[in-house]
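Notes follow the structure.
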Amino acid sequence: MPPGQGSGCHDPEDDHEMVESASDREDDTFGGTAHKEVHGQRELQTNIEALDDDTLFAIVKKIVCVGVRKIISSANAPIDGINTVPNGAGGCGISGRGSGRLAPKKTITKLNVSFFSEVIQSLNPDKRTIIQSYGFGSLLLFDKCSIPLPFARWIVDHVAVSSSSIVVNNRSIPLNPQIIHDVLGIPIGGQIIRKADPESGKGAFLNSMTLTTFPSAKAFGDNLSKENISEDDLVRSFLIVALVTFLCPNSTTHPSTEYLQPLVDVKKANEWDWSEFVHYWLLKQIKEYNGLMKNVDHSSIIMCGCLYTICVVYLDFLNLDHQQLPSTLPRLVEWKGDMIEEKAKLDSVQGHIYGKHPILPLKLTCYHKRTSAQIQSPTCVIDGSMFKKSLTKCVEGNMSHKILDDLTALYTKHANAPTDFAAENAQNIILDVMSYFYQHAGAKERPKCNNECCRVVFDNDPAHAVHSSGDQVKSSLHENNDIMDREIRTNIHMD
């Protein structure tokens, strides 16, 4: 996606730029007749009284039309070889929008999905695991997705900042932190980032990374390739690249001080409301864009904010019939490659005019029933590498490789279980771990137990699993507590 690619939308009601109307052709006839009859100022003064009102009106009308066309042509003349593109707000779905705007010579953005994708692809499995463990694994699911700048600009022109929505053909598409979370999968809830002190956050962030000035996003990307980088600096560098190039791009390639405070104690960065901040940043940047559009002095306009998000949300709300994408959340799992460009073409009315398809109500979109379509949390590492690491840190002593592998296998099995049966899954985890150690205990020490609490049945439907009551579990735990303690000490060599 060329960063300086222009965009626009032609107003279908404004046809005089392409062909002249019938009345204009008649004006040419009237004008030609008048010029043949009038030869100089004296003849005009002599014959002016002979002209009837209709002829005189035609002459005045022609003079006014020619003058207005010259003014418009002068205002839209190319500067430094940059072609003018029409704005596209008026007449494209929002009544009253764009009437006070003049089209900029070009529109650019600092959104850089190519660089962000390259950074993700360069990360080895160990570094990916670390980023996942800090709570930002969803961003690793992003697969380079090209964004047509004219399409993004058309949507931006249809964003109503006051109501936080995209308004097309009198239908409203909501933009809120929950929608942002559903698209990107980044943390939602917790502390509000924009309430943090930017200056104190700036100083603390620079100290945490032993810096004196802010390098560019590319420098932070280069940090990620270092082998000896600490886990905290790895995640800080990754998040800076994500924020500058994808989540919260601004007019520069350097990070903003507004979101640095949560990155100081980066282990707790996922306790901040990043979905709310990306939403706030997007609307803030669109509001600034609207202000710049009213200023005729600008030859170019910068669009900032996560343009990927508004493109995905708009397309998800289109009624594309059989061409709807699966309802998987977060949405960046589905929207990748050339999908945005392809779906945008389907919605094109003419050129860079969009809005061909009707807008679906919220209840018919993937954003209505979230839990049923969500993919497994990216912070849950199914290969078990992070689980093993956490287990060895939390349990004192040296655990044998076989014990580690066996417990990791149990973890993986339960990590894949449906989230709708949280209570049953929690009980099954406890019982499975108990059963595992009982099976490794000596035959002479293991008591006979016919209670169903020691038997857990798994099949394709968790609802059909055999679950014991809470009293049975407590009874079994109490009865076999001594054996359990001896077995753990046998398999884990205490220091």
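The values are calculated or read from the model by the stated rules, or taken from the named source; none is laboratory data. Given the structure is predicted, the values throughout are model-derived calculations rather than measurements. When we count neighbours, we look across all protein chains shown, and the Cβ atoms used for this are built from the backbone with ideal geometry, even at glycine.
State yes or no: is Ile286 in contact (Cβ under 8 Å) with a residue 12 or more places away in the chain and either part of a strand (DSSP E or B) or acidic (Asp, Glu) (or both)?
Working: in contact (Cβ under 8 Å) with a residue 12 or more places away in the chain: yes; either part of a strand (DSSP E or B) or acidic (Asp, Glu) (or both): no.
For Ile286, the condition - in contact (Cβ under 8 Å) with a residue 12 or more places away in the chain and either part of a strand (DSSP E or B) or acidic (Asp, Glu) (or both) - is not met.
Condition (residue is in a helix (DSSP H, G or I) and crowded, with 23+ Cβ neighbours inside 10 Å) applied to region 297-308: is it met by at least one residue?
Of the residues in region 297-308, the ones in a helix (DSSP H, G or I) are 307-308.
Still in the running and crowded, with 23+ Cβ neighbours inside 10 Å: 307-308.
Yes: region 297-308 contains one or more residues that are in a helix (DSSP H, G or I) and crowded, with 23+ Cβ neighbours inside 10 Å.
Would you mind finding the one in Ile180, Ile192, Ile186 that is under 16 Å from Trp272 (Cα atoms), loosely packed, with under 15 Cβ neighbours inside 10 Å and in the same structural domain as His254 (by TED's automatic domain parsing)? So that I can check it myself, show each step before the final result.
On the way: Ile180 fails: loosely packed, with under 15 Cβ neighbours inside 10 Å; Ile186 fails: loosely packed, with under 15 Cβ neighbours inside 10 Å.
From the options Ile180, Ile192, Ile186, the qualifying one is Ile192.
For region 129-241, list the helices (runs of 4 or more DSSP H) that sit wholly inside it and hold at least 3 residues that are under 19 Å from the mean Cα position of the chain (by Cα) and of a type outside the set (Asp, Glu); which are they? I'd like the intermediate steps shown before the answer.
Numbers: elements: 149-156, 177-184, 198-208, 217-223.
Hits in region 129-241: 149-156, 177-184.
Report whether or not Phe205 is of a type in the set (Phe, Trp, Tyr), more than 21 Å from Phe142 (Cβ to Cβ) and assigned by TED's automatic domain parsing to the domain that holds Glu334. Quick ask: steps written out before the conclusion?
Working: of a type in the set (Phe, Trp, Tyr): yes; more than 21 Å from Phe142 (Cβ to Cβ): yes; assigned by TED's automatic domain parsing to the domain that holds Glu334: yes.
Judged against the criteria, Phe205 is a match.
Please state which of the following conditions Ala242 fails to meet, knowing it meets all the rest: (1) touching a residue at least 60 places away in the same chain (Cβ under 8 Å); (2) farther than 20 Å from Phe115 by Cβ.
It is condition (2) that Ala242 fails.
Could you go through region 225-239 and let me know if any residue there is under 23 Å from Val312 (Cα atoms) and in contact with a Gly (Cβ under 8 Å, 6 or more places away or on another chain).
No, region 225-239 has no match at all.
Taking region 134-155 as the search range and keeping residues that are closer than 15 Å to Lys336 by Cβ and in contact with a strand residue (DSSP E or B) (Cβ under 8 Å, 6 or more places away or on another chain), which one is surrounded by the most Cβ atoms within 10 Å (Cβ to Cβ)?
For region 134-155, the residue satisfying everything is Cys145.
Select, from Lys294, Lys267, the only residue that is farther than 21 Å from Pro215 by Cβ, at pLDDT below 95, in the same structural domain as Arg331 (by TED's automatic domain parsing) and of a type in the set (Lys, Arg). Walk me through how you get there before you give the answer.
On the way: Lys267 fails: at pLDDT below 95.
None of the others qualify; the one that does is Lys294.
Are any of the residues in region 275-284 over 18 Å from the mean Cα position of the chain (by Cα), of a type outside the set (Asp, Glu) and buried (at least 19 other Cβ atoms within 10 Å of the Cβ)? Can you show your working first?
If we filter region 275-284 for residues that are over 18 Å from the mean Cα position of the chain (by Cα), which is where we start, we get none.
Within region 275-284 (the criterion being over 18 Å from the mean Cα position of the chain (by Cα), of a type outside the set (Asp, Glu) and buried (at least 19 other Cβ atoms within 10 Å of the Cβ)), the answer is no, since none of the residues qualifies.
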